[in-house]
Amino acid sequence: MSHDEIVKEMRDILTGLRPDIDTAQTADSTRLADDLGMDSLTLLLMALKSEKVFGIRFENMQASSFATVGDVCRYIEGKLQ
Amino acid sequence: MSEKYFMDLLTEEEQALHVRLSTVGELEKLTLERYAAKPAINTPAAELTYAQMWDMVGRFRGFLAGEGIKTGEKIAVALPNSAECIEAFLAVTTYGAIAVMVAGTGPVQSKEEACGVAGCKYAFCRENLNGIICWDPAEIILPGAAPAAVLKPEDPVAAFFTGGTSGTLKCALLSNKALMTGTYNGVFGPSPVFGQRYYGLIPFSHIFGTVRNMLTCFLTGSCIRPCTDMSAIVQDMKEYKPTLLVLIPALAGMLLNLTKLYGKDVFGGELKLIVTGGAPQHTEMARVYIEDLGINLVSGYGLTETANLVSGNVEVLTHQNSVGKVYDFQEVRFVDQEIQIRGDNIFLGYINDPEETKASFDGEWFKTGDLGYMDEEGYLFITGRIKNLIYFSNGEKICPEQIEARVDRMPGVKASMVSMKKNSFGANVLTCEVYTDKDQPKTETRIRSAIDEMNNTLQDFTRIRQVVFRYEDFPRTAAMKIRRQ
């Protein structure tokens with residue numbers, strides 16, 4: 001799965017979790033806390049949903065580990081390799 | 001006031017078991033007599049019975065005695081939710097010292113500030129705090145157990161931080177009697193209430209976490225698993241199967257999202273009751289829990305200064321928007337719509353702040369700063385909040401005025417207002433509006449940098465996520481205070 005495909009899947013995941021935010025403009029540089037208003041719990045939900053969608057296991061779900069959408073997508077990319 | 005109403009929620013057997021205690025020390029005696037072999041604290045690694053828990057508490061008391069701690073000394077308990085946090089709290093309060101509960105997950109600076117406000121010279125803490133003698137429970141060597149001190153109901157026993165009525169950081173001091181009155185009233189709810197499995201999600205630094213979650217759990221011979229890591233929630237609930245959750249409404253809403261991913265079983269399959277407090281409960285969320293998921297939900301109202309519990313609503317679907325009936329051992333009156341309370345649950349005053357303490361009372365009546373009324377059936381309604389608190393999903397809340405006071409001191413800032421506002425993504429984030437001079441880009445850059453620096457000293461959830469500049473003053477009230485939306 002390419003990086004762009006992972007970003008696209010992430011947009012769908014974020015839309016499901018946060019229907020109130022505009023995920024169409026989500027990109028690698030989008031900040032999880034500052035731009036998407038995500039806290040430790042929404043990050044956890046995102047990780048849990050990603051585990052189901054991508055069939056991977058998040059080893060670390062600490063909010064401080066991921067600053068941007070790109071950080072999460074690269075983590076997933078690494079797990080898929 | 002509503003003793004029969006609340007007592008009727010319990011079965012006859014539960015009514016016989018339910019006793020009112022006047023000190024934390026009496027809780028030790030009672031639970032050792034009744035529940036010594038029953039589980040008190042559960043962690044993924046081990047389960048402590050009441051006998052084992054109180055033995056550890058006694059050894060913590062032995063440690064305090066060995067350190068020469070005197071009665072009435074203020075000791076910060078700045079630990080994240082954990083078995084050690086519970087043991088340290090119980091040890092300090094039964095030793096005769098005062099447990100000052102400080103958020104255990106924040107940066108070192110906020111812990112140091114809290115210790116400074118409360119005047120603590122000692123702390124149970126995992127980090128080193130400047131100017132404070134710190135004991136890390138993982139590193140100290142505990143000696144043999146020391147007995148509990150003999151304390152009076154009026155003796156001060158614990159302190160919790162609050163925004164107070166003026167918005168600056170204050171530390172409310174509570175007596176044994178106040179803490180145990182809150183705990184007694186915390187027991188009332190839909191049966192069964194004894195022998196439950198609690199999950200410690202709300203921080204114990206929050207009075208809701210200590211009184212309604214920790215102490216009420218022990219008074220009912222229940223067991224608690226402290227949530228040491230939010231990322232372990234799903235695994236914890238799957239393993240531990242809680243029967244009762246004490247939550248802030250926003251957190252209850254987040255957990256509802258988990259059921260969309262995993263179904264109702266995400267709670268472990270045995271959850272019967274959710275108790276919410278600390279912020280207004282939305283009826284629709286309650287309806288989903290009660291009608292769609294078959295999990296009862298009750299809500300309540302209270303403040304740090306009232307030992308948490310003022311009123312409880314066990315009929316959230318039929319008495320919508322009410323915070324319920326007022327618990328016993330307190331009286332409520334309304335002065336110009338402001339809710340004022342007196343009774344056994346009222347705090348002793350703010351530590352090191354006699355002026356604010358004086359301003360918070362009218363005689364023996366505590367002025368809550370909340371506006372409301374009571375209907376003919378005795379249901380209490382809150383119509384407004386003077387305090388402007390902002391609530392977060394992790395159970396914490398902040399006074400925007402505290403952050404504004406720091407921003408206002410930054411060069412170039414004429415005034416500021418902190419609130420939750422939508423950003424360009426449509427997400428609600430903590431936003432600071434700054435009133436400054438127009439066409440001063442360097443000033444704006446400096447202000448942004450200063451806010452970034454300030455953010456590094458704040459807990460994650462209190463950080464400013466968006467800065468918006470404005471070039472005319474905020475709308476103001478007749479008293480020249482910023483008019484909040």
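Derivation of every value follows stated rules applied to the coordinates shown; laboratory data play no part. Treat the numbers as computed from the prediction; the structure is a model and nothing was measured. FYI the Cβ positions are ideal-geometry reconstructions off the backbone, even for glycines, and counts take in every protein chain you see.
Which distance in Å, rounded to a whole number, links the C-alpha centroids of the range B:25-43 and the range B:448-472?
Going from one Cα centre to the other spans 46 Å.
Averaging sequence separations of C-alpha pairs under 8 Å and six or more residues apart, then dividing by the length of the range B:399-470, give the relative contact order as a whole percent. Could the numbers behind the result be given before it?
Values: 99 pairs, mean separation 22.4, N = 72.
Worked out over the range B:399-470, it gives 31 percent.
Could you sort B:216-225, A:47-56, B:5-14 so that the peptide with the highest average Cβ count within 10 Å comes first and the rest follow in order?
Values: B:216-225: 24.2, A:47-56: 16.8, B:5-14: 14.8.
With the highest mean Cβ count within 10 Å placed first, the list reads B:216-225, A:47-56, B:5-14.
Divide by every residue of chain B the summed helix terms, -39500 (n - 2.57) for each DSSP H run of at least 4, and state the resulting mean residue ellipticity at 222 nm, rounded to the nearest 500 deg cm²/dmol. Walk me through the numbers before you get to the answer.
On the way: 14 runs with 136 residues, N = 485.
Result for chain B: -8000 deg cm²/dmol, rounded to the nearest 500.
Can you pull the mean other chain C-beta count within 10 Å for peptide B:463-469?
On the way: counts 2, 1, 6, 3, 0, 0, 0.
Mean partner shielding for this stretch: 2.
Place a +1 charge on the Cβ of each Lys and Arg in chain B and a -1 charge on the Cβ of each Asp and Glu, then give the dipole magnitude about the Cα centre in debye, rounded to the nearest 20.
Values: 48 positive and 58 negative charges, 195 e Å.
In total the dipole reaches around 940 debye.
List B:I202, A:I76 from most exposed to least, where exposure is judged by having the fewest other Cβ atoms within 10 Å. Spell out each step's value before the answer.
Values: B:I202 26, A:I76 22.
If I rank by nearby Cβ atoms, fewest first, I get A:I76, B:I202.
Charges only on Cβ, +1 for Lys and Arg, -1 for Asp and Glu: so what's the dipole of the range B:399-470 about the Cα centre, in debye to the nearest 20? Before the final figure, lay out the partial values.
Numbers: 12 positive and 10 negative charges, 31 e Å.
Once rounded to the nearest 20, the dipole reads 140 debye.
Within the range B:399-470, what percent of beta bridges assigned by DSSP are antiparallel, to the nearest 5?
Numbers: 8 of 13 bridges.
If I count the DSSP bridges inside the range B:399-470, around 60 percent turn out antiparallel.
B:M410: net charge of surrounding residues, Cβ under 12 Å, Lys/Arg +1, Asp/Glu -1, itself excluded?
Numbers: positive: B:R406, B:R409, B:K414, B:R446, B:R448; negative: B:E404, B:D408, B:E444, B:D452, B:E453.
For residues surrounding B:M410, the net value is 0.
Given R₀ = 22 Å, what would the calculated FRET efficiency be for A:S29 paired with A:R57, taking r from the Cβ atoms and rounding to 0.05? Walk me through the intermediate numbers first.
Working: r = 26 Å, r/R0 = 1.19.
Once the sixth-power term is evaluated, E becomes 0.25.
Rg and Dmax in Å for the range B:357-465, alpha carbons only: what are they?
Cα radius of gyration and Dmax of the range B:357-465 are 18.1, 60 Å respectively.
Can you say what percent of the DSSP beta bridges in chain B, counting only those with both residues inside, are antiparallel? Round to 5. Can you show the working numbers first?
Details: 46 of 80 bridges.
Bridges in chain B are about 60 percent antiparallel.
Could you check what % of the DSSP bridge pairs in the range B:1-127 are antiparallel, to the nearest 5? List each step's numbers first, then the result.
On the way: 3 of 11 bridges.
DSSP beta bridges in the range B:1-127 are roughly 25 percent antiparallel.
Over chain A, what is the relative contact order in percent, taking alpha-carbon pairs closer than 8 angstrom and at least six residues apart? Mind showing how you got there, number by number?
Details: 74 pairs, mean separation 33.6, N = 81.
Taking the mean separation of contacting Cα pairs over the length of chain A, I get 41 percent.
For the range B:114-216, what is the relative contact order in percent, using Cα pairs closer than 8 Å and at least 6 residues apart in sequence? Each step should come with its number before you reach the end.
Working: 105 pairs, mean separation 18.0, N = 103.
Relative CO of the range B:114-216 lands at 17 percent.
Using a 10 Å cut-off on Cβ to Cβ distances, tally the other chain neighbours for every residue of A:41-51 and report the average as a whole number.
Numbers: counts 13, 4, 2, 8, 7, 0, 1, 8, 3, 0, 1.
That works out to 4 on average.
Sort the following peptides by mean Cβ neighbour count (other Cβ atoms within 10 Å, averaged over residues), highest first: A:13-24, B:150-161. All intermediate terms of the calculation are to be shown ahead of the outcome.
On the way: A:13-24: 16.9, B:150-161: 20.6.
The packing order, highest mean first, is B:150-161, A:13-24.
Provide, for q = 0.17, 0.19, 0.26, 0.27 Å⁻¹, the log10 of I(q)/I(0) from a solvent-free Debye sum over equal Cα point scatterers in the range A:3-80.
-0.55, -0.71, -1.54, -1.71
Rank-order B:95-103, B:369-377 by packing density, defined as the average count of other C-beta atoms within 10 Å over each peptide's residues, highest first.
Numbers: B:95-103: 25.2, B:369-377: 14.7.
Ranking the peptides B:95-103, B:369-377 by packing returns B:95-103, B:369-377.
Alpha carbon centre of the range B:126-194 versus the range B:73-104: separation in Å?
6
Hey, got the average number of other protein chain Cβ atoms within 10 angstrom for residues in B:416-428? Numbers along the way, then the final one.
Numbers: counts 0, 0, 0, 0, 1, 0, 4, 7, 4, 15, 9, 12, 4.
Mean inter-chain Cβ contacts per residue within 10 Å come to 4.
Just to check I understand the Karplus step: with θ = phi - 60° and J = 6.51 cos²θ - 1.76 cosθ + 1.60, what whole-Hz values come out for the range B:90-99, glycine and proline as x?
Computed from phi, the couplings for the range B:90-99 are 5, 5, 5, 6, 8, 6, x, 9, 10, 7 Hz.
For the protein assembly as shown, rounded, prolate or oblate, judged on the Cα gyration tensor with a ≥ b ≥ c (square roots of eigenvalues), a/c < 1.5 rounded, else prolate if a/b > b/c?
On the way: a/c = 1.40, a/b = 1.24, b/c = 1.13.
Because its axes are fairly even, with a/c under 1.5, the protein assembly as shown counts as rounded.
Rounded to the nearest 20 debye, what is the charge dipole size of chain A about its Cα centre when +1 sits on each Lys and Arg Cβ and -1 on each Asp and Glu Cβ?
Working: 9 positive and 14 negative charges, 51 e Å.
Computed charge dipole of chain A: roughly 240 debye.
Taking only the alpha-carbon atoms of chain B, what semi-axes of the equivalent ellipsoid follow from 5 times the gyration tensor eigenvalues under a square root, in whole Å, largest first? Could you put the intermediate results ahead of the total?
Values: eigenvalues 241, 149, 109 Å².
Each semi-axis is √(5λ); the values are 35, 27, 23 Å.
Can you tell me how the range B:82-162 classifies by the Cα gyration tensor, rounded, prolate or oblate, using a/c under 1.5 as the rounded cut? Each step should come with its number before you reach the end.
Values: a/c = 2.01, a/b = 1.26, b/c = 1.59.
It is oblate, given that a/c is not under 1.5 and a/b is not larger than b/c.
Calculate the FRET efficiency for B:V108 and A:S2 from the Cβ-Cβ distance with a Förster distance of 56 Å, rounded to the nearest 0.05. Intermediate values should be presented prior to the final figure.
On the way: r = 43 Å, r/R0 = 0.76.
Once rounded, the FRET efficiency stands at 0.85.
If I take all pairs of Cα atoms in the range B:291-339, what percentage of them are more than 14 Å from each other? Numbers along the way, then the final one.
Values: 693 of 1176 pairs.
Roughly 59 percent, once rounded to a whole number.
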